[in-house]
Amino acid sequence: MDFLDHKTIYTIMHLFGVAMGAGGAYMSDIMFLSCLRDRVFSKTEVRFLKIGSGMVWTGLLILFLSGFGMFTLNPGHYVESSKFLAKMIIVGVIALNGAIMHTVQMPLILRHQGGHFPSSDEFVRKTPLLLIGGAISIPSWTFAIVLGALRGLPYSIGQILLVYAAVLVIAITTALVLKNTLFFGSSSKKK
């Protein structure tokens, strides 16, 4: 099986990691937005959010293992690649955002499962954190996927990260501006 070398195996693993991680993140974010319509996190919705979270963590683990394997095949190339270094920083942001989601935001959602969350002072206070987490997730996964797909970039790590940071600022600002519409719109009257 000459066609199946280490690089090919690591690449296939990496693609599975991207599919699971990004798929779980996108699914979770869409599910979260759908929960906003009725202003209640049902037991089923929370279960799907947990499944999505598990997919993200499994995907990240596969990405780490396969990425490490690829790195060992040609470390000099990767250390000199601004694209690779920027992607690693963005994946670090994804992992940190996921850790915050798992340890802070998910317990908040679980405490309000089945209840009308706009009626909770705690939930209202912590709404910006939920929105910021979601606003970081999709652009970060999208940036990491695009960077991974590109053969190379003629830009420095600083330039790449500056564009990434600008996109995050726009996403976070938009989410916070839409906060009242998303969480506390006309259908959010206390029941």
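Taking Cβ atoms as reference points and 14 Å as the exclusive limit, the residues near residue 146 contribute a net charge of +3, counting Lys and Arg as +1 and Asp and Glu as -1. With the simple spin-label model, which puts each label point 7 Å out from Cα in the Cβ direction, the residue 30 to residue 104 separation comes to 2.7 nm.
With each label modelled as a point 7 angstrom along the Cα→C-beta vector, the residue 8-residue 155 pair spans 3.4 nm.
Here the spin labels are modelled as points 7 Å beyond Cα on the Cα-Cβ line, and at residue 178 and residue 68 they lie 3.7 nm apart. Ordering 95, 82, 150 by the projection of their Cα atoms onto the charge dipole of region 43-191, which places +1 on the Cβ of Lys and Arg and -1 on the Cβ of Asp and Glu, puts 95 at the extreme positive end.
Taken about its Cα centre, region 69-144 carries a charge dipole of roughly 40 debye when the Cβ of each Lys and Arg holds +1 and the Cβ of each Asp and Glu holds -1. For the chain, the longest principal axis of the alpha carbon atoms and the long axis of helix 157-177 meet at an angle near 10°.
Around the Cα centre of region 6-188, unit charges on the Cβ atoms of Lys, Arg, Asp and Glu (plus for the first two, minus for the last two) sum to a dipole of about 120 debye. If you count Lys pairs in region 6-188 whose Cα atoms are under 25 Å apart, skipping same-chain pairs closer than 8 places in sequence, the total is 7. Phi angles of region 116-121 translate, via the Karplus equation with coefficients 6.51, -1.76, 1.60 and θ = phi - 60°, into HN-Hα couplings of 7, 5, x, 7, 8, 4 Hz per residue; Gly and Pro are given as x.
Here, P(r) means the percent of Cα pairs in each 5 Å bin from 0 to the largest distance; for the chain it is 1, 7, 15, 18, 17, 14, 10, 7, 5, 3, 1, 1, 0, 0. Think of region 1-56 as a dipole: +1 on every Lys or Arg Cβ, -1 on every Asp or Glu Cβ, centred on the Cα centre; then among 31, 41, 17, 41 lies furthest on the positive end. Computed over neighbours whose Cβ is under 13 Å from that of residue 27, the net charge equals 0, Lys and Arg +1, Asp and Glu -1. Taking all Cα pairs closer than 8 Å and separated by 6 or more residues, the relative contact order of the chain comes to 28 percent.
Note that region 49-64 has calculated 3J(HN,Hα) couplings of 4, 5, 4, x, 4, x, 4, 4, 5, 5, x, 5, 4, 4, 4, 4 Hz, one per residue in order, obtained from phi through the Karplus relation 6.51 cos²θ - 1.76 cosθ + 1.60 (θ = phi - 60°); glycine and proline are x.
Read the figures in this text as sums done on the coordinates, not as results from a lab. Keep in mind that this is a model prediction, so the values were computed, not measured. When we count neighbours, we look across all protein chains shown, and the Cβ atoms used for this are built from the backbone with ideal geometry, even at glycine.
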